[in-house]
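Let me begin by presenting the structure, written as structure tokens, before commenting on it.
The values are calculated or read from the model by the stated rules, or taken from the named source; none is laboratory data. On a predicted model such as this, the values are computed, not experimentally measured, just so you know. Cβ placement follows ideal geometry from the backbone for every residue including glycine, while neighbour counts extend to all protein chains displayed. Protein only, heavy atoms only, side chains kept; ligands, DNA and RNA dropped before computing areas. Shrake-Rupley method; radii C 1.70, N 1.55, O 1.52, S 1.80 Å.
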Amino acid sequence: MTESATGSASDLATTIDQTSQTMGQSSGARPAMDVVGDAVGNAPADTSSSFDLNALWGQIHSMIDMGGPVVMLLAVLSVLSLSVILYKLWQFSFIGIGRHSRARKAIGLWRAGQREDALSLLDKGKSPVTIVVAHAMRGQVNHPDKQALIREDIERVALQSLSQTRVMLRFLETVGQISPLLGLFGTVIGMIEAFQRLQEAGATVDPSVLAGGIWVALLTTAVGLAVAIPASLFADWFASRVEREQSVMEELVTAVLTGQLTDKASAYSAEATSGQGGLGYAT
């Protein structure tokens, strides 16, 4: 019984294998993994991003060809001005232009008599305001009897700190000024060439030739304005940030040197310390 059952099972397995092989050969079936692999390999690649990039580069190249050397020069200026703008944004963010909370907190500690804590707090900052205020405090601690020299040295440090923030601003201002002039220069040259073609055509004038020459000439003016407008805007914005930094610097340094004698808090503190009557100017 056992042997006959074993033989029957073996014959059944052999029959199933032969049947599956026969069906595979007759129908041309392929393994599922091979089919999936071929489908993935034959799928079309997504070339939309590269196509868009190529199209954009083609438009820029054709614009430079139509505008000539003037548009090429404006394109170079636009790349340089964009690099300067990105560098200035990084520089202002890195050194903390416009962030004065550390310096003001140090001024509060200074007025409260915690001079060491105020100096240690300022030493952790990198902004021009914190650097100049720290120099003012050190001058007051080390040389309280040399106020004139302290002010001169603070001016030296302030000029040195602010000069770093003004680097490359003149270049942006120059780009904003000369780019429209370069565009106008290219337009004038293009108009001259268009009217020369008109003269050479004589009686058989094609208006499309003149119109084409005019719009190509006006292209340089448009490119010049497109380069000049952002350069001028960012140059003015950076200059306003530097001016704001300078005004805050003068305010906080004066507070350190004078001790804010005319403020109400200083007047009340002096009254409590001396034990004298009220101060009329503090009310």
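Brief remarks on what is shown
- Phi-derived couplings, Karplus 6.51 cos²θ - 1.76 cosθ + 1.60 at θ = phi - 60°, listed residue by residue for the stretch 167-175: 5, 6, 5, 5, 5, 4, 5, 5, 4 Hz, with x used for Gly and Pro.
- Inter-site label distance for Leu162 and Arg197 at 7 Å from Cα along Cβ, in nm: 5.3 nm
- Electrostatic dipole magnitude of the stretch 92-232 [Cβ: Lys, Arg +1; Asp, Glu -1; Cα centre; debye, to 20]: 980 debye
- Modelled spin-label separation between Ser208 and Leu82, with each label point placed 7 Å from Cα along the Cα-to-Cβ direction: 3.4 nm.
- Expressed per residue, the C-alpha convex hull volume of the stretch 170-241 stands at 51 Å³.
- The Cβ shell under 15 Å around Met168 holds other residues with a net charge of +2, Lys and Arg each +1, Asp and Glu each -1.
- When Ile189, Ile150, Ile95 are compared by accessible area of protein heavy atoms, the largest-first order is Ile189, Ile95, Ile150, using a 1.4 Å probe.
- Only protein heavy atoms count here; on that basis, with a 1.4 Å probe, Phe94 has an accessible area of about 110 Å².
- Here the Karplus relation 6.51 cos²θ - 1.76 cosθ + 1.60, evaluated at θ = phi - 60°, turns the backbone of the stretch 121-128 into coupling constants of 5, 6, 5, 7, x, 10, 6, x Hz, with x for every Gly and Pro.
- Å² of accessible area per residue within the stretch 169-210, as computed with a 1.4 Å probe and no ligands counted: 67 Å²
- The label point for Phe185 and the one for Glu243, both projected 7 Å from the Cα toward the Cβ, are 3.0 nm apart.
- Our coupling estimate for the stretch 129-138, obtained by passing each phi through the Karplus curve with A = 6.51, B = -1.76, C = 1.60 and θ = phi - 60°, is 5, 5, 5, 5, 5, 5, 5, 5, 5, 5 Hz, Gly and Pro reported as x.
- Working from the Cα coordinates of the stretch 54-199, the gyration tensor eigenvalues give, after taking √(5λ), semi-axes of 54, 17, 8 Å in decreasing order.
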